[in-house]
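Each remark here refers to the structure printed beneath this line.
The values are calculated or read from the model by the stated rules, or taken from the named source; none is laboratory data. None of these values were measured; they are calculated from a predicted model. So basically every Cβ, Gly included, is an ideal-geometry build from the backbone, and we count neighbours across all protein chains shown. Accessible surface areas use protein heavy atoms only, side chains included; no ligands, DNA or RNA. Shrake-Rupley method; radii C 1.70, N 1.55, O 1.52, S 1.80 Å.
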Amino acid sequence: ALRRVLIAWGTAPMVFVSLSGNVIWTYVAPGLPAFALLVAGAVRAPAEARFVAGVAVVAGLGLAAATALLLPGYARERSAADTISAWQAEQKRCGPGPIRFEAASVPYSARFYSGARAAALGPTGLAAVTTSDTGWVVLRAAPGRDLQAAALAAGLAWPPVHRTSRYALVRAPAQRCP
(Lines give C-alpha, C1' and ligand atoms only; values in the text may rest on other atoms or scores of the structure.)
Protein backbone atom coordinates (compact mmCIF):
# COMPACT_ATOMS: atom_id res chain seq x y z
CA ALA A 1 0.00 0.00 0.00
CA LEU A 2 2.80 2.39 0.89
CA ARG A 3 4.55 1.64 -2.39
CA ARG A 4 1.41 2.60 -4.34
CA VAL A 5 1.14 5.86 -2.40
CA LEU A 6 4.79 6.65 -3.15
CA ILE A 7 4.33 5.86 -6.85
CA ALA A 8 1.24 8.08 -6.97
CA TRP A 9 3.08 10.83 -5.08
CA GLY A 10 6.05 10.61 -7.43
CA THR A 11 4.05 10.67 -10.66
CA ALA A 12 1.28 13.14 -9.69
CA PRO A 13 3.43 16.28 -10.10
CA MET A 14 4.38 15.18 -13.63
CA VAL A 15 0.73 14.72 -14.56
CA PHE A 16 -0.31 18.08 -13.14
CA VAL A 17 2.68 19.89 -14.66
CA SER A 18 1.77 18.64 -18.12
CA LEU A 19 -1.71 20.19 -17.69
CA SER A 20 -0.42 23.53 -16.43
CA GLY A 21 -0.75 26.67 -18.53
CA ASN A 22 2.61 27.99 -17.36
CA VAL A 23 5.04 25.10 -17.26
CA ILE A 24 8.40 25.19 -15.48
CA TRP A 25 10.35 21.94 -15.31
CA THR A 26 11.17 22.34 -11.60
CA TYR A 27 7.49 21.78 -10.81
CA VAL A 28 8.22 18.02 -10.79
CA ALA A 29 10.56 18.43 -7.78
CA PRO A 30 7.86 17.62 -5.15
CA GLY A 31 7.73 14.06 -6.51
CA LEU A 32 11.45 13.37 -6.06
CA PRO A 33 11.31 12.48 -2.31
CA ALA A 34 8.81 9.73 -3.14
CA PHE A 35 11.24 8.20 -5.62
CA ALA A 36 14.03 8.43 -3.01
CA LEU A 37 11.84 6.52 -0.54
CA LEU A 38 11.05 3.92 -3.20
CA VAL A 39 14.76 3.42 -3.86
CA ALA A 40 15.47 3.12 -0.11
CA GLY A 41 12.68 0.56 0.24
CA ALA A 42 13.94 -1.40 -2.75
CA VAL A 43 17.43 -1.69 -1.26
CA ARG A 44 16.08 -3.27 1.96
CA ALA A 45 13.42 -5.55 0.40
CA PRO A 46 13.76 -9.29 -0.40
CA ALA A 47 15.03 -10.09 -3.90
CA GLU A 48 11.59 -10.61 -5.52
CA ALA A 49 10.12 -7.43 -4.04
CA ARG A 50 13.33 -5.61 -4.90
CA PHE A 51 12.86 -6.50 -8.56
CA VAL A 52 9.27 -5.18 -8.63
CA ALA A 53 10.25 -2.04 -6.74
CA GLY A 54 13.27 -1.60 -8.98
CA VAL A 55 11.10 -1.76 -12.09
CA ALA A 56 8.75 0.85 -10.58
CA VAL A 57 11.64 3.10 -9.62
CA VAL A 58 13.33 2.78 -13.01
CA ALA A 59 10.00 3.51 -14.75
CA GLY A 60 9.42 6.51 -12.48
CA LEU A 61 12.91 7.86 -12.95
CA GLY A 62 12.60 7.31 -16.69
CA LEU A 63 9.38 9.29 -16.68
CA ALA A 64 11.04 12.03 -14.60
CA ALA A 65 14.01 12.15 -16.98
CA ALA A 66 11.73 12.28 -20.03
CA THR A 67 9.76 15.07 -18.39
CA ALA A 68 12.93 17.02 -17.60
CA LEU A 69 14.24 16.60 -21.14
CA LEU A 70 11.04 17.11 -23.12
CA LEU A 71 9.10 19.58 -20.99
CA PRO A 72 11.34 22.65 -21.40
CA GLY A 73 10.84 22.70 -25.18
CA TYR A 74 7.14 21.96 -24.83
CA ALA A 75 6.79 24.67 -22.19
CA ARG A 76 8.69 27.20 -24.29
CA GLU A 77 6.27 26.65 -27.18
CA ARG A 78 3.21 27.16 -24.98
CA SER A 79 4.55 30.11 -23.00
CA ALA A 80 4.54 33.79 -23.96
CA ALA A 81 7.75 34.38 -21.96
CA ASP A 82 9.97 34.88 -25.03
CA THR A 83 7.44 37.26 -26.58
CA ILE A 84 7.20 39.32 -23.38
CA SER A 85 11.01 39.40 -23.17
CA ALA A 86 11.17 40.69 -26.77
CA TRP A 87 8.58 43.37 -25.91
CA GLN A 88 10.64 44.47 -22.90
CA ALA A 89 13.76 44.75 -25.10
CA GLU A 90 11.76 46.75 -27.67
CA GLN A 91 10.64 49.15 -24.95
CA LYS A 92 14.27 49.82 -24.03
CA ARG A 93 15.03 50.52 -27.69
CA CYS A 94 11.90 52.41 -28.73
CA GLY A 95 10.41 53.81 -25.54
CA PRO A 96 7.51 52.64 -23.43
CA GLY A 97 4.32 51.30 -24.90
CA PRO A 98 1.62 48.77 -24.07
CA ILE A 99 1.46 45.20 -25.27
CA ARG A 100 -1.91 43.88 -26.37
CA PHE A 101 -2.80 40.35 -27.37
CA GLU A 102 -5.11 39.62 -30.27
CA ALA A 103 -7.49 37.70 -28.05
CA ALA A 104 -10.51 38.06 -25.83
CA SER A 105 -8.24 37.39 -22.82
CA VAL A 106 -4.52 37.48 -22.12
CA PRO A 107 -2.71 34.12 -21.75
CA TYR A 108 -1.67 33.39 -18.17
CA SER A 109 2.04 33.29 -19.01
CA ALA A 110 1.79 36.74 -20.65
CA ARG A 111 0.11 38.19 -17.55
CA PHE A 112 2.73 36.55 -15.35
CA TYR A 113 5.87 37.56 -17.28
CA SER A 114 4.62 41.10 -18.04
CA GLY A 115 3.77 41.78 -14.41
CA ALA A 116 0.06 42.01 -15.35
CA ARG A 117 0.77 44.78 -17.91
CA ALA A 118 -0.29 42.73 -20.96
CA ALA A 119 -3.82 43.47 -22.13
CA ALA A 120 -6.23 41.91 -24.60
CA LEU A 121 -7.64 43.62 -27.67
CA GLY A 122 -10.94 42.06 -26.74
CA PRO A 123 -13.63 40.34 -28.76
CA THR A 124 -13.22 42.68 -31.75
CA GLY A 125 -9.59 41.61 -32.16
CA LEU A 126 -7.54 43.54 -34.70
CA ALA A 127 -10.54 45.76 -35.52
CA ALA A 128 -9.81 47.49 -32.18
CA VAL A 129 -6.43 48.75 -33.46
CA THR A 130 -6.49 52.37 -34.62
CA THR A 131 -3.92 54.36 -36.60
CA SER A 132 -3.07 56.40 -33.49
CA ASP A 133 -2.27 53.37 -31.35
CA THR A 134 1.23 53.02 -29.94
CA GLY A 135 2.88 49.99 -28.41
CA TRP A 136 2.91 46.45 -29.67
CA VAL A 137 0.35 43.88 -30.71
CA VAL A 138 0.78 40.12 -30.42
CA LEU A 139 -0.81 38.10 -33.22
CA ARG A 140 -1.72 34.48 -32.59
CA ALA A 141 -0.61 31.99 -35.22
CA ALA A 142 -3.12 29.41 -36.42
CA PRO A 143 -2.97 26.73 -39.11
CA GLY A 144 -3.58 28.29 -42.52
CA ARG A 145 -3.58 31.85 -41.17
CA ASP A 146 -1.57 34.45 -43.06
CA LEU A 147 -0.18 36.60 -40.23
CA GLN A 148 1.41 39.08 -42.62
CA ALA A 149 -1.91 39.77 -44.37
CA ALA A 150 -3.70 40.11 -41.01
CA ALA A 151 -1.07 42.52 -39.69
CA LEU A 152 -0.99 44.69 -42.81
CA ALA A 153 -4.80 44.82 -43.00
CA ALA A 154 -4.82 46.21 -39.44
CA GLY A 155 -2.11 48.77 -40.25
CA LEU A 156 0.49 47.00 -38.14
CA ALA A 157 4.18 47.00 -39.02
CA TRP A 158 5.60 43.94 -40.76
CA PRO A 159 7.91 41.99 -40.42
CA PRO A 160 7.39 41.18 -36.74
CA VAL A 161 10.02 42.26 -34.24
CA HIS A 162 9.80 38.78 -32.69
CA ARG A 163 8.20 35.53 -33.80
CA THR A 164 7.64 32.11 -32.30
CA SER A 165 5.58 29.25 -33.66
CA ARG A 166 2.66 30.56 -31.59
CA TYR A 167 3.02 34.37 -31.50
CA ALA A 168 4.18 37.29 -33.65
CA LEU A 169 5.04 40.58 -31.93
CA VAL A 170 4.44 43.58 -34.21
CA ARG A 171 4.50 47.36 -33.73
CA ALA A 172 1.24 49.28 -33.54
CA PRO A 173 0.64 51.86 -36.31
CA ALA A 174 1.85 54.95 -34.40
CA GLN A 175 4.73 53.26 -32.55
CA ARG A 176 7.97 54.84 -33.69
CA CYS A 177 11.31 53.20 -33.26
CA PRO A 178 14.72 54.26 -34.57
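Taking segment 94-106, which residues are touching a strand residue (DSSP E or B) at 6+ places or on another chain (Cβ under 7 Å) and modelled with pLDDT of 90 or more? Can you show your working first?
So the first thing to find is which residues in segment 94-106 are touching a strand residue (DSSP E or B) at 6+ places or on another chain (Cβ under 7 Å), and the list is 97-106.
Hits for segment 94-106 are Gly97, Pro98, Ile99, Arg100, Phe101, Glu102, Val106.
Quick check on my filter: what residues within segment 120-154 are within 16 Å of Pro107 (Cβ to Cβ) and among the β-branched types (Val, Ile, Thr)?
Listed by number, the residues that qualify are Val137, Val138.
Mind listing just one residue for me: the one in segment 133-160 that is of a type in the set (Val, Ile, Thr) and open to solvent by less than 50 Å² (accessible area, probe 1.4 Å) and, of those, farthest from the chain's Cα centre (by Cα)?
Going residue by residue through segment 133-160, those that are of a type in the set (Val, Ile, Thr) are 134, 137-138.
Remaining after also requiring open to solvent by less than 50 Å² (accessible area, probe 1.4 Å): 137-138.
On the way: Val137: 19, Val138: 15 Å.
Only one residue fits best here, namely Val137.
Of all residues in segment 77-101, count the ones that are open to solvent by 40 Å² or more (accessible area, probe 1.4 Å) and assigned to a loop (DSSP other than H, G, I, E, B).
The qualifying residues number 2.
Is there any pair linking a residue in segment 130-147 that is more than 26 Å from Ser85 (Cβ to Cβ) to one that is part of a loop (DSSP other than H, G, I, E, B) and among the small types (Gly, Ala, Ser), with Cβ under 7 Å and at least six apart or on different chains, and which?
Taking only residues 6 or more apart or on different chains, the pairs are Thr131/Gly155; Thr131/Ala174; Ser132/Ala174.
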